[in-house]
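Below: one structure, written as structure tokens.
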Ligand SMILES: [Zn+2]
Ligand SMILES: [Zn+2]
């Protein structure tokens with residue numbers, strides 16, 4: 001089994017798709033080839049590394065951890081396994097709803113300002129409802145402003161900060177939002193095991209687990225949409 005020559009330490013809040021892409025680029029390899037080498041067929045559902053469950057984790061991560069030279073638990077932390085996938089057995093309805101409606105499989109949103117500060121993809125940008133950056137008080141970017149394509153969370157060929165059309169996402173103009181609008185993203189950060197600072201709050205929403213929060217929000221969003 002080939003191992004990558006250059007290894008990089010993952011950031012605490014980095015997405016697994018983004019990490020694989022960052023490593024591939026650093027090693028002068030194609031991210032797509034890395035997925036194929038790890039036996040993660042990109043055309044099938046198993047390529048969605050957010051959908052890892054107890055049954056699929058060893059299948060998905062054995063080769064990948066050897067190639068990336070990282071232990072499987074470190075890779076699982078970068079996916080949503082600890083927050084979602086491992087609960088599939090006894091919360092299957094909730095987890096399936098969240099996987100379908102709450103987490104991007106192949107695309108992501110980004111904060112151009114975060115990306116400019118450090119060029120790696122944040123895991124929580126893959127959560128649908130994570131629409132603002134709490135740090136910069138701006139809306140996340142959903143599509144490339146030049147070619148209007150959605151931003152992919154893997155498969156980038158040369159750069160994590162550049163669209164296939166050549167536009168640098170870090171040059172995108174951001175739209176500021178009111179501080180209150182970033183509260184929900186902040187809550188997601190707080191409930192996410194990889195980024196939590198374990199602060200205590202009087203707000204009962206902070207006592208929820210991430211999967212419960214996302215399920216409640218998806219449930220109400222879909223209910224409201226039905227009556228509109
Ligand atoms: Zn930001
Ligand atoms: Zn573009």
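Bear in mind that the values in this text are calculations on the coordinates, not laboratory data. As the structure is a prediction and not an experimental result, all values here were calculated from the model. Here the Cβ is made from the backbone with ideal geometry for all residues, glycine too, and neighbour counts use every protein chain on show.
Figures for the structure shown
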| quantity | calculated |
| --- | --- |
| Residue of 147, 133, 111 that the Gaussian network model of the chain assigns the largest fluctuation, springs spanning Cα pairs under 10 Å | 147 |
| Whole-number percent relative contact order across the chain, with pairs defined as alpha carbons under 8 Å at least 6 apart | 22 |
| Fluctuation leader among 90, 120, 206 - the chain, Gaussian network, Cα springs under 10 angstrom | 90 |
| Spacing of the two label points (7 Å from each Cα toward its C-beta) at residue 93 and residue 143, in nm | 3.6 |
| D (Stokes-Einstein, µm²/s), Kirkwood Cα radius, the stretch 70-160, 0.692 mPa s at 37 °C | 225 |
| Where the Cα pairs of the chain fall when distances are cut into 10 Å bins, in % | 8, 32, 37, 20, 3, 0 |
| Residue of 131, 108, 146 that the Gaussian network model of the chain assigns the largest fluctuation, springs spanning Cα pairs under 10 Å | 146 |
| For the stretch 71-123, alpha-carbon Rg and Dmax in angstrom | 13.7, 41 |
| Helix-only [θ]222 nm of the chain, DSSP H runs n ≥ 4, -39500 (n - 2.57) each, per residue, nearest 500 | -10500 deg cm²/dmol |
| Estimated FRET transfer efficiency when R0 is 30 angstrom, pair residue 224-residue 158 (beta carbons, to 0.05) | 0.15 |
| Stretchable slack from residue 118 to residue 165, in nm (0.36 nm times residue separation minus alpha-carbon distance) | 14.8 nm |
| Potential extension, residue 54-residue 173 segment - 0.36 nm per residue separation minus Cα distance | 38.7 nm |
